[in-house]
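To start, the structure itself, in structure tokens.
The values are calculated or read from the model by the stated rules, or taken from the named source; none is laboratory data. Bear in mind the structure is a predicted one, so any value in this text is a computation, not a measurement. Cβ placement follows ideal geometry from the backbone for every residue including glycine, while neighbour counts extend to all protein chains displayed. Note: areas computed on protein heavy atoms with side chains; ligands, DNA, RNA excluded. Shrake-Rupley method; radii C 1.70, N 1.55, O 1.52, S 1.80 Å.
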Amino acid sequence: MSSILTQTLFGSLLDSPAVVETTAAILERAIPVIREHFTLTAAEISKAYRDSCRYSFVAIRIGLESPDSLIKKVRYPNITREFARQVETDYFQPFSEQHDALRNTLIKSLKKWAKNSDKLFAIKEITEEDLSAFIVQRENAAISDLILAQMAKIEAVDEGLAAFLQFKGLLGDSVLFFFREQLRTDSRVQATQMALQQENILANLGRQQAQFSDFQKQFAAQSDEVLDWAKSGYAVFYEILEEVVVKVDEVLSSQQQSNSAQVDYRDGTVQYSNENQELLKALLAKWQDLSPKEPLYGQVSNKLGRALLSSNALQEAGQLFQRLIAESESVDDKALAYFNLFHVCWRQAVIAETVAEKEMYFAQALEALNQAISLSNGKYALHDINKYFPITKMLGAGGMGCVFLCENQNKLLKNELTKTKYLQVVVKCFWENIIGDLDTVFNEPFLMDGLASVPRPLECGYADNQQRIKPYFVMEYIDGAIDGEVWLEKNGCLDLMT
């Protein structure tokens, strides 16, 4: 059976039919020519066949998933949807009139077989009988049955799926189309055809093959574009993308977290199960092979990075955000990746063992935050940086919020006792939105102002005054004050008298 399938595949490769009825004498002349020029290995042919099957399963599935829906228009190029559209009109609709076809069942089965296509048969050697198929007219109608027989050796094929793939030779036509278009422009195939034409074994008929499959007839003028789609990885890309999306959402839901792609300050407070941690590692490994060109890549990358951060895989999350920043063509995705990277860095600072390491990570966090703010036109700002308080340094972060040393550009803020302006201030930004009026919430520190040796409270507000979200609190900066962590690292623990 494998030999028949190989011969059928080979029979689809050349554009020109034999000049005369094939005879033993013609074959005797042709085989040495073919062997000299057609030097593709059995392994190369096997890969092309398996890729053709995978592309076919994915293309047929896309055709069953409403290729003209809004999400498909965002995900797939026009040629993909045009290619898939014929599956609905030319195959599924007439098939469903004759059979009880369950669309969702077919889609689910096709997804599975796209993943299992690498298990289909491998060509061990190319025989002279196989090579003779280049110049022999062959009937292709049975190729769907041959491939289904190969699939059945892996596992039982759903009867409904088998009937649909056999309908009007759908699977065979699709596989032949992709197989032929993968290899048609290979220099070795072109050299073989030219040599056979020079020996007057084949007629020089250019691109007019005697027996186009239905797919080839409809896409003869666009076959290169369709092949570009297949080779670019879209067919495989969305299989992996959809798997990652679904499983990352499952992980976040199982940890009682939202499905947002933006890191939340509470992320990392719940212990992840070993099973979920291993699953995230496996999803990250798959993600490394994908292209950043598609619109959904950035959103899902940020979501996967958030899940990794939540499981305390900070290094892996940081690397993923940095890759997205370097490769993404979307400003919005890149801005969010910077903001998420900011959360990774300050968390690394919190667990750092030395003051020098803490300062390094806080500096990296601030750089990422500034980039996020710049790219998002201030969307990710945590306080009023543009009008009054541009950031000079990040001082700390924790469960309630983060603290910055900022320039004070509000000329109205000054020490009423000494009549001196505060050149620098400390701004504490809160992760959680504060319930109630800020003047009420922060009333106590303002009432205590001047009664204790604590930094003076100066102002409070929202980073977003319209929505009254992202509150912050401004305090006096005491220059020259001793930082407790720095003192302890230098002098060690305090003795009783100190």
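Of the residues I325, I154, ranked by 1.4 Å probe accessible area with the largest first, the sequence reads I154, I325.
Ligands, DNA and RNA excluded, the heavy atoms of Y297 present near 0 Å² of accessible surface to a 1.4 Å solvent probe. Pairs exceeding 20 Å between alpha-carbon atoms, taken from K358/K387; K111/K153; K387/K421; K387/K411; K115/K293; K112/K168: K358/K387; K115/K293; K112/K168. In square angstrom, what is the accessible area per residue of the range 328-481 with a 1.4 angstrom probe? Per-residue value: 55 Å².
Stretching the chain fully between L496 and K281 yields a gain of 72.5 nm (0.36 nm per residue, less the alpha carbon separation). Quick check: pseudo-label points 7 Å beyond the Cα along Cα→Cβ at R29 and E444, how many nm apart are they? Spacing of the two 7 Å Cα→Cβ label points: 10.2 nm.
Apply 1/(1 + (r/R0)^6) to the Cβ-Cβ distance of L296 and Q467, taking R0 = 30 Å, and write down the FRET efficiency to the nearest 0.05. So the FRET efficiency works out to roughly 0.65. Full extension of the chain between I154 and T354 gives 66.4 nm of extra length, using 0.36 nm per residue less the Cα-Cα distance.
Ordered by 1.4 Å accessible area with all protein chains kept, R347, R468, R103 run largest first as R468, R103, R347.
Derived from the Cα gyration tensor, the three semi-axes of the equivalent ellipsoid of the range 105-191 are 26, 14, 14 Å, largest first. With a cut-off of 15 Å between beta carbons, the residues surrounding A122 carry a summed charge of +1, where Lys and Arg count +1 and Asp and Glu -1. Note on E129 and T105: with the Förster distance fixed at 25 Å, the Cβ-Cβ geometry gives a FRET efficiency of about 0.05. How much FRET efficiency would the formula 1/(1 + (r/R0)^6) give for E243 and K47, where r is the Cβ-Cβ distance and R0 is 30 Å, rounded to 0.05? So the FRET efficiency works out to roughly 0.85.
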